[in-house]
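Inspection log for the structure reproduced underneath, given as structure tokens.
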Amino acid sequence: MSRPALSADCSACAALCCLALALDRGESFAIDKPAGTPCPNLAGHACAIHADLAKKGFPGCTRYSCHGAGQRVVQEVFAGRSWQDDPALTGPMIAAFGDMRAVQSRLELLVAAEALPLAKGDAARRDALERALWPEALDTARLDGFATSPLSREIDTFVASLRRYVPAP
């Protein structure tokens, strides 16, 4: 398996951000929407007002990226199935989306670390930690609680240790 994409592919998702995330009325969103409630602008798996998001009061939607978490959940974890086709998947998909966002966030940091002049041992550790984030088979059990898992803490500690490679301004 190759490295997962770090950019969103909404066509391979099931509008998980439009379901899982809360919206707070203000300058970024025209409405309040609790987490776990589908956005009223959803039409199937797509946004009915996507071309006019900013004009209609949703510039926060145009700025948001799941960094590929949505499509990984739908395609890798749930094999293309959707909460819209099977409502029993709603809770598990929301939970997996939250965990996958934490995975993709760590993956993004490790990928960025490729640009640093890492010592051989640190480069090897970075590679191993990155590969741990894209195993051959992902499922909800492997994702469950990732943000507070030992692997997540190990990555966070490792990334923090890389400060020594970043030149002072």
| In the stretch 1-55, what residues are in contact with a helix residue (DSSP H, G or I) (Cβ under 6 Å, 6 or more places away or on another chain) and of a type in the set (Asp, Glu)? | ASP9
| Only one of (1) touching a residue at least 60 places away in the same chain (Cβ under 8 Å); (2) farther than 22 Å from LEU21 by Cα; (3) not charged (D, E, K, R) fails for PRO117. Which number is that? | (1)
| Across the stretch 17-29, which residue is farthest from the chain's Cα centre (by Cα) among those that are within 26 Å of GLN71 (Cβ to Cβ) and small (Gly, Ala, Ser)? | SER28
| query | Only one of ALA95, ALA113, ALA79, ALA88 is in contact with a helix residue (DSSP H, G or I) (Cβ under 6 Å, 6 or more places away or on another chain), among the hydrophobic types (A, V, I, L, M, F, W, C) and either part of a helix (DSSP H, G or I) or at positive phi (or both); which? | reply | ALA113
| So which residues in the stretch 131-160 are part of a helix (DSSP H, G or I) and either under 14 Å from ALA69 (Cα atoms) or touching a residue at least 24 places away in the same chain (Cβ under 8 Å) (or both), if there are any at all? | THR140, LEU143, PHE146, ALA147, SER152, GLU154, ILE155, ASP156, PHE158, VAL159
| Is the stretch 36-44 home to any residue that is surrounded by 14 or more Cβ atoms within 10 Å (Cβ to Cβ), in contact (Cβ under 8 Å) with a residue 24 or more places away in the chain and small (Gly, Ala, Ser)? | no
| query | Do we find a residue being modelled with pLDDT of 90 or more, within 30 Å of ARG81 (Cα to Cα) and surrounded by 14 or more Cβ atoms within 10 Å (Cβ to Cβ) anywhere in the stretch 118-129? | reply | yes
| said: Looking for something of a type in the set (Val, Ile, Thr) and closer than 22 Å to ASP99 by Cβ - is there at least one such residue anywhere in the stretch 29-42? | reply: yes
| message | With the requirement that a residue be within 17 Å of the chain's Cα centre (by Cα), among the aliphatic types (A, V, I, L, M) and surrounded by fewer than 17 Cβ atoms within 10 Å (Cβ to Cβ), what does the stretch 80-108 give you? | response | ALA95
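The values are calculated or read from the model by the stated rules, or taken from the named source; none is laboratory data. A quick note: this is a predicted structure, and the numbers were derived from the prediction, not measured. Glycine also receives a Cβ, built like all others from the backbone with ideal geometry; neighbour counts cover every protein chain displayed.
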